Structures are given as structure tokens and as C-alpha cells.
Amino acid sequence: MTNKLQRPRVLLVDDYPDAREMYSEYLEFSGFDVVEAGNGMEALQRAVDTAPDIILMDLSLPVMDGWEATRRLKADQRTKAIPVVALTGHALAGISEGAKQAGCDAFVTKPCLPEDLVREIRKILDGPSSSIAKPRRSGKHAKTS
Amino acid sequence: MPSPHAALLAVGAQRPARKGRNGSYTGVPRVRVEVEEGPDDQGQLIAARLRLLEGFVGRAELTDSANLALQWLGEVLGISQSICLVRPPDETSLFVIGTYGLTGSAVSRFSVSLEDWGNPLVSAFANRKELFFPAPHSASDRKRRPSTPFEDSAFHVLPLGISGFAEDAFGLLLVGGSTSFQPQLHWFTNVFSQKLDQILRQQTLADGDRKQGRERSLLYNIINAVTDPILLTDAEGRLLIANARALTLFTASEEESEGRRGAVRMNNMLLSSALSSKAIEETGATRRELLLVNPVDGSDLVFELLSTVTEDSRQGSGVVSILRNVTDLRRASEEIEDNYRKMRIAEVQARAESDRLNLIIDSVADPIVVTDAAGATSLMNEPAERLFTIPVEASEIEQRWVQANDAHFSSFIAGMLVSADQRRVGEIGLSDPKTGEAMPVEAIAGKILSEHGELTAVVTILHDRREAIEKALLYEQLKQASDELERKIQAATADIAQQNELLRRQAIELEQASALKSQFLANMSHEFRTPLNAMLGYTSMLLQGVAGECEPPVKRQLGRIESNGRHLLTIINEILDISRIEAGRMPLQLSTFRIPDLVNEVKSELEPIIMRSKLNVTLQLPKDLAPISSDRQKVKQIILNLLSNALKFTHHGGVTIAARRNLAERTLTLSVTDSGIGIANTDQDRIFEDFRQLDNSPTRAYGGTGLGLSICRRLAQMLGGRISVQSQVGKGSTFVLTLPIKGRK
């Protein structure tokens, strides 16, 4: 798909408009085609309609949360091949595990700088057959000052 | 003894001139025999005399001799009637031994009692006096005459006795006839008397012999009847007399068995050796023990030998020995001795027992009184004496107390004696004689019965109840106090239970509150991050010139926004970590990994900071360090924290990270040593507290939340390890992390 379209398409699911707009702007700036969704239900619809190369899924969402949306995406023949990267501000243990069980391929903890997110997306898209990225702690860069 | 015949002949030849004691034949007319007148008559007379003497020879009986003599009187001297009377030995009467010319029962019944002193015949006998009684002419004449078979005929009385000897007459010769007394009669009475005397003497002698024989056999029977052996031995020890029992011991015939003869020989030897010892000669009579053999069965016999020396002038001295069988006696005496000994032992034991009993009784503190069946006191120990006996110098009041005690006790015992109970327990109200204080006692009395079931004694033990009563009182008080206490405790317990319930509820509430807090913190951190995320994101975009390049002063100001935003993020993250640890929501995820790999990973992550600090970071990690089992993420967080702290507080010099394995403790230590500012001793504990930085001022020189070491210590404890610090101000610090090689779950 990356080959077919010059700009890979990213489905960005987040209910917080500032964050959505920020990532969207940076992803466009970094050469991605961005489709946005504000909740799980909308995400399912957009995923079917636009066939993105990758989905960035916030987990705490109104109408339908990210876990449920991911489960449905992975259960749908049309969308199950699309990698899903969980994107959450919840840092409590068990969150990432729950996300994996729901079918997420990678896990990114907010706050996540736009350039870090882009690096993560590229890694998954360029990686061998959409390998699952290692979950990473977000605090690593905060240790230094 | 001279022959009687020779005497007769001699007397006949001598012409006897016998006279009465008074020297004359008063009242008796002399009768002369005609043979004296002519030589022929003389020859005839001698022939007649010889005939009588011959007749006497061979006659040993009184009657025979008397009849012959009286017949000779009748035939030779013509005396037609005569009677001869003799006093037998030991008799007090004269009895007829011969008659001539007289018949009838009067003759055979005739006798003269010598105790009839009025009888002239007795007088004639006693005085050896010849008498003549002429035929009576008147009644008075007849009265003076003795009663004889001659009745009214005249008769002569001639005493019979040995002439020449001052002996009593032994008989009387009564001859009838009024004629004058014939001279021949003197010769006759003389010869006849001698003959009768001879017979009488022989008879007496024979009687004596018979008597002696009887006595001897009686003596033998007596000796034989004695069951003890009796022996008479002569001076040489030869056996003279032995009784039947002695014969069985000391004689044996040839027919006896060899064994029996041997025993007899031995007995003889033993006896003679016993008798020959000098002891007999010296003392005359001795008692000693003699051991003999019973020839019948060979058993030992013990005798007591009693020997007496008898002196006999005719037969020489001899030894009379009496053996008394003391075999049984000795056995009995041994038994008696034994019994006596046993008795002594028993007595000693009984005394010891009694002494001990007394000791025991006296040592008992409770009064003990023993009373007999009549109720009288037979024994009491010292404590009882104090109650029931009046002391020597007792006051009147003391005496009264003792008497009262005695009366109370006596009535108790009296009740016991009349009752059928074997035991009786009662209470007696006594008084202490010293003080008069009431002294209630418990009396336990028991009857002692003999083996026949008779009551012999009553033993009473008195027990002072004062202490028990006092105790009971105290116990009651104690019980009340205890009840009170229990009530209080129950009340307190109820209180505590209520409070516990309250606490439990509070704990639940707290737990809920804590859970709510954790949830709140988690939510808060999420809520914090979301805007922070946008702020940092846009700042980063501005700095990258996404919306066009900025002027350098703007860039510098954007940089400040970014660094402060990151600091805020760190604070939020660390608060989140602590709240997760406290809420127990940070589970361990054990894996096996190598410490050198982890240290290198941390070092490369911090490489930009290391580069900026221009410090030397040296690793001293042994190549063969074995992998450990722990939570990799948490260990990494600790190392990251320690290393970044070291870099933060060190301005020159370097930082060394070293690892080492302690086999004995099965631990691994990782030390981070810096050459930084150091920590004072007094502060070394405080650095692990929450939100603690030594410089607490708002404008402190070093960044950081102050939560890092606190989190590290908590994480190390979760992993079963610990963190310690050694430091000197101005020289540097060494933080040591110790972890178990095999982490706990």
C-alpha cells in the first residue's frame, strides 16, 4: 500500500481535538495522509471507508472505547490486516496487556512527542511484515534533566 | 550265834536255878519229881528228857513243838491238862499255840490281851511271875480268877522266856492240877522256852529276809521304772548295777547286731571317760553333759550326767550315775532361747515402731488424741496437750478454757463411742487456752477395733479451721473482686469489640479511600498528561520549524518551555510510580537476564547526558557474572536512577559502576561510586525519604523531584534486596544495590 500511494495513510483516533490536530499536522508535515476519528465507532467506519495503512488508537474514547474498537477491527476480514498502535495516557500496569489482548500490534504511552510517534509508525511500516513493536516506557527521556 | 541245842544240853547239865525278879517263887508250891530219889528213876528221867530233846530236833513249827512238849508233860509228869500261849511278833495278845487234855471252842477261842492290865495272867507275863490259882471256894475267889479254859479247876501259870537274859517273856504255860509244883517243870519250861525262843527267832529271821527281798525287788522295780538310766560303778569303773534303760545303752548280747554292739561299746567308752575324769574325785558330785548314741536307731542322745561318789566301808567306794535325757530338753531350751530372741527382736522392733509412731504423732502439727474404749485419754501429741492439759503456771482463766475444751472434746468422744459409725467427722468449738480466742476445729475420729471386733481405741485428729475459714473469707472477697474484674473486662471487651468493629469499618473505608486515591491519582496523571502532551508536542513542532523557522531568541524561550514541561512530566510519572507501589498495583515480572547487558543498556540511554557532563563512566563488570532472576524493568529503573543521580551531583572526576557476586549470601551487589559532592552522615538516612532533597529551598541548585531514591528503595525491597549508601562530604558517594540472585515471586 505504501508503494501504491506515495503517502501512507494514517487513521488517527483520539477524542482530544488539540492532540488530534497536533499529531495530524505533524504527520501531514512528515509526509503522511491523515484520516481522523473522534471515537471508536467513527474509527470503525473510517477504517472500512479509507483503508488506512496504520491506525493510531487512543484507548479512552467516548461512544466506543479503543479496546472494543480494536477487537472489532481485528475481527473484521476487511480491516484485520491493518496494524493498530495503542496510544494512551494511562500508565497503570495492565493497560498495555489489555491492549495486546484486544489485538493491538504496538503500544505508545502519551505524552509522546510528535517526532517520537512518527519514528514509531515508520518502524512498524518499514519493519518486516508489521512486526509487533516492543512496548516502551514513556518516562525514559524524563529521567534526565 | 551259839547252837540252841548245845545251850539246852548245857542248861540241863547245870541245874538251872532260876529265880523271879524279886528273887523268890512266891505263892507257888514246889513240886518235886520222884526221879531224883532213886538211881533207876534217875535213868528213866534222863531217858525221858532225851526223848523230849530228840522230839524237839527236827521240829521247826511252834504248834508242833508245843503239842509235843505238852504231850510229854502229860505222859512223863502226869499233867493231864495244859495250854501254851505265845505272843507272836508285833502282836499285842497271847494266842494259843498248843493244848493238851482240853477240848471245846473255849480253848480255840482263848487268848489274852496284853492291854488288859487287870488280868492276873498279863501281870504274870509282864513280870515273869509264876502263879497258882486253886479251885475257888467262894464267889469272891471266882471273881479274882482270870477266865480260862480251866474254869473252876486249879491251875499253875508259868511264864516262858529265856533265862539269863534280861528279856521279856514271850509266852505263858498254863498247867492244870492242884498238886504242888513239880521240880521237873522248871527244867521243862527252861528247855521248852529255849525251843520256842529258837523257833520264834528263826521265824523272825525268815520274816526279815522275806521283807528284805521284797524291798530289794521293789527297789529294783522302782529303779527300772525310772526312764533315766541309773548306774552304779565301782572305783575301777566296772558296772555293778544298771537299770533297764541303762542296760539298753550300755550292754548288748552276742546276738545283737554289729551296729548296736558298736554303739554300746562307744557309749561305754564315753561313759568311762566321763567318769574317770578327775572332776568326780574332786567335787564328789557333778553335773555335766554326756553325748551318747542311741543303739536302737543310731541317733544322738544328749544326757545330763549326775554322778555321786558313795563311800561304803564294806564294799569300797563307787559312783552312782544318773543320766537325764536332755535331748528334748535341749531342743526345747534351744527353742525357748530362739523364741526369746525373736521376742526380744520383736520387742525392739515394737519399741522402735512405737518410738517412730510417737515421733510421727508429735511431728504432726494437728492435735491428735487417742482415747480408750472407756473414753479416757491414753495418748496425745504435743499440740493436743496445749489444748487439753492445764499448763504448770496457768491462770484461772486459762484453766477454765482448758476445762471447757476438755468438756467439748469429751462430749464429742462420748457421742462417737455410743454411735455405730466407724468414722465420724464433726466440728468442735474449742478455744485457744492462751488467748481464749474461739478456735473451731474439724474433728476426724476413727475407731480402732481389735481382731475380735472389740473397740480398743478411738483416734481423733483435730484440724484448726480458723485458717480455712479465713481462707474461705479471703476466697470470697477474691471471688467478688474477680467477678468485679470480670465484669469490667467484659465491659472493656465489649468496648474493644465495638471499637474493633469501628476500626474494621474505618479500615475498609480507608482501603476504599486508598483505592479511590490510587484511582484518582491514575486519573489525574492521565488528565495531566493529556494537556501536557499537547504542550510538549506543539513546543517541539515550533522548535522544529513545522510552521516556519523561529528567531533564535524565540527558540531559546521555547526551549525553556520544553524543559519545564518535561520536568513536570517526570514529577507526574514518579508520583504515579509511588502511588502504584503503595496501591500494590506494580506486580513483579520475573525473568532471567545478565546485569552487564542491563548496565550497558542504561549507559547507552544516558549517553547524551554523559557526553554533556564530560565525566568518565567506568564499568567494572566481570565477564563470567552469572545471570540473575529478577524483574528486569524495575532493576533497570533503579540503575538508571542511581547513575543519573551520580552524574547529576558530580562536577569532575568520574563515575564507576561495579558488579560482584556474593556466593555465600547468594546475592549480587552493584555499586555506583561517584566523586561528587557527597552526603553528610547525619543525612544519609533521610535521602531515602519521600520528596527529600538535601537542599530543600525553592531555588535549589539541582533538579529532580526528590522521589527517585525513595522509589529505588521501595523497588529494591519489592525485589527482596536493599540499597545502602556510604559517603563523605566533598569526596563522593557509593550507592550499593544488593539483590538476591534468585528473586522472590
Every residue from segment B:582-592 that is out of contact with any Asp or Glu (no Cβ under 9 Å at 6 or more places or on another chain) and either surrounded by 17 or more Cβ atoms within 10 Å (Cβ to Cβ) or among the β-branched types (Val, Ile, Thr) (or both):
B:THR592
When residues of segment B:574-593 are limited to those that are polar (S, T, N, Q) and touching a strand residue (DSSP E or B) at 6+ places or on another chain (Cβ under 8 Å), the one farthest from the other protein chains (Cβ to nearest Cβ)
B:THR592
Tally the residues that are of a type in the set (S, T, N, Q) and closer than 17 Å to B:ALA658 by Cβ, restricting the search to segment B:596-640.
4
Taking the condition farther than 15 Å from B:LEU521 by Cα and among the charged types (D, E, K, R), does B:ARG580 pass?
no
Scan (1) modelled with pLDDT under 85; (2) surrounded by 13 or more Cβ atoms within 10 Å (Cβ to Cβ) for the single condition B:THR99 breaks and write down its number.
(1)
Out of curiosity, is B:VAL370 β-branched (Val, Ile, Thr), farther than 25 Å from B:LEU449 by Cβ and not in a helix (DSSP H, G or I)?
no
Could you tell me how many of the residues in segment B:609-648 are touching a strand residue (DSSP E or B) at 6+ places or on another chain (Cβ under 8 Å), among the small types (Gly, Ala, Ser) and under 20 Å from B:SER724 (Cβ atoms)?
2
Does B:GLY316 satisfy being in contact with a helix residue (DSSP H, G or I) (Cβ under 6 Å, 6 or more places away or on another chain) and part of a loop (DSSP other than H, G, I, E, B)?
no
Inspect all residues belonging to segment B:72-84 and state whether any of them is closer than 29 Å to B:GLN44 by Cα, at pLDDT 85 or above and in contact with a Phe, Trp or Tyr (Cβ under 6 Å, 6 or more places away or on another chain).
yes
Breaking point among (1) at pLDDT 85 or above; (2) of a type in the set (Lys, Arg); (3) part of a helix (DSSP H, G or I), for B:ARG566
(1)
Considering segment B:532-554 alone, what residues qualify as being within 8 Å of another protein chain (Cβ to nearest Cβ) and either under 17 Å from B:ILE572 (Cβ atoms) or assigned to a helix (DSSP H, G or I) (or both)?
B:LEU532, B:ASN533, B:ALA534, B:LEU536, B:GLY537, B:TYR538, B:SER540, B:MET541, B:GLN544
Between a first residue in segment B:424-453 that is within 20 Å of B:LEU379 (Cβ to Cβ) and a second residue that is of a type in the set (Gly, Ala, Ser) and surrounded by fewer than 15 Cβ atoms within 10 Å (Cβ to Cβ), which pairs have beta carbons less than 7 Å apart while being 6 or more apart in sequence or on different chains?
B:ALA443/B:GLY426
Evaluate the following for B:GLU562: is it of a type in the set (Asp, Glu) and within 13 Å of chain A (Cβ to nearest Cβ)?
yes
Would you confirm whether any residue within segment A:31-45 is among the charged types (D, E, K, R), at pLDDT 90 or above and assigned to a helix (DSSP H, G or I)?
yes
Among the strands (runs of 3 or more DSSP E) confined wholly to segment A:47-145, which include 3 or more residues that are at pLDDT 85 or above?
A:54-58, A:84-88
Take the residues in segment B:523-541 that are more than 15 Å from A:PRO17 (Cβ to Cβ), hydrophobic (A, V, I, L, M, F, W, C) and free of Cβ contacts under 8 Å to residues at least 40 places away in the same chain, then tell me which one is surrounded by the fewest Cβ atoms within 10 Å (Cβ to Cβ).
B:MET524
Filtering segment B:395-423 down to residues that are of a type outside the set (Ser, Thr, Tyr), free of Cβ contacts under 8 Å to residues at least 40 places away in the same chain and surrounded by 15 or more Cβ atoms within 10 Å (Cβ to Cβ) yields B:GLU398, B:ARG400, B:TRP401, B:VAL402, B:ALA404, B:ASN405, B:ASP406, B:HIS408
When residues of segment B:516-531 are filtered for being more than 7 Å from every other protein chain (Cβ to nearest Cβ) and either touching a His at 6+ places or on another chain (Cβ under 8 Å) or under 17 Å from B:ARG580 (Cα atoms) (or both), how many remain?
10
Meets criteria (small (Gly, Ala, Ser), crowded, with 17+ Cβ neighbours inside 10 Å and farther than 23 Å from B:ASP577 by Cα) for B:SER630:
no
Matching option when the condition is closer than 24 Å to B:LEU77 by Cβ, in contact (Cβ under 8 Å) with a residue 60 or more places away in the chain and of a type in the set (Gly, Ala, Ser), among B:GLY161, B:GLY176
B:GLY176
Hey, can you tell me all the residues within segment B:201-239 that are among the charged types (D, E, K, R) and either under 30 Å from B:GLY161 (Cα atoms) or modelled with pLDDT under 85 (or both)?
B:ARG201, B:ASP207, B:ASP209, B:ARG210, B:LYS211, B:ARG216, B:ASP228, B:ASP234, B:GLU236, B:ARG238
Scan segment B:594-608 and give yes if some residue there is touching a Ser or Thr at 6+ places or on another chain (Cβ under 8 Å) and either more than 9 Å from chain A (Cβ to nearest Cβ) or closer than 21 Å to B:ARG722 by Cα (or both), otherwise no.
no
Identify the single condition in (1) within 30 Å of B:ALA626 (Cα to Cα); (2) at pLDDT below 90; (3) of a type in the set (A, V, I, L, M, F, W, C) that B:PHE691 does not satisfy, given that it satisfies every other one.
(1)
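Residue by residue, here is whether (1) surrounded by 15 or more Cβ atoms within 10 Å (Cβ to Cβ); (2) more than 14 Å from chain B (Cβ to nearest Cβ) holds:
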position	(1), (2)
A:SER24	yes, no
A:LEU27	yes, no
A:GLY31	no, no
A:ASP49	no, yes
A:LEU59	yes, no
A:ARG72	yes, yes
A:LYS80	no, yes
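The values are calculated or read from the model by the stated rules, or taken from the named source; none is laboratory data. Keep in mind that this is a model prediction, so the values were computed, not measured. Cβ: placed from backbone, ideal geometry, glycine included. Neighbour counts: every protein chain shown.
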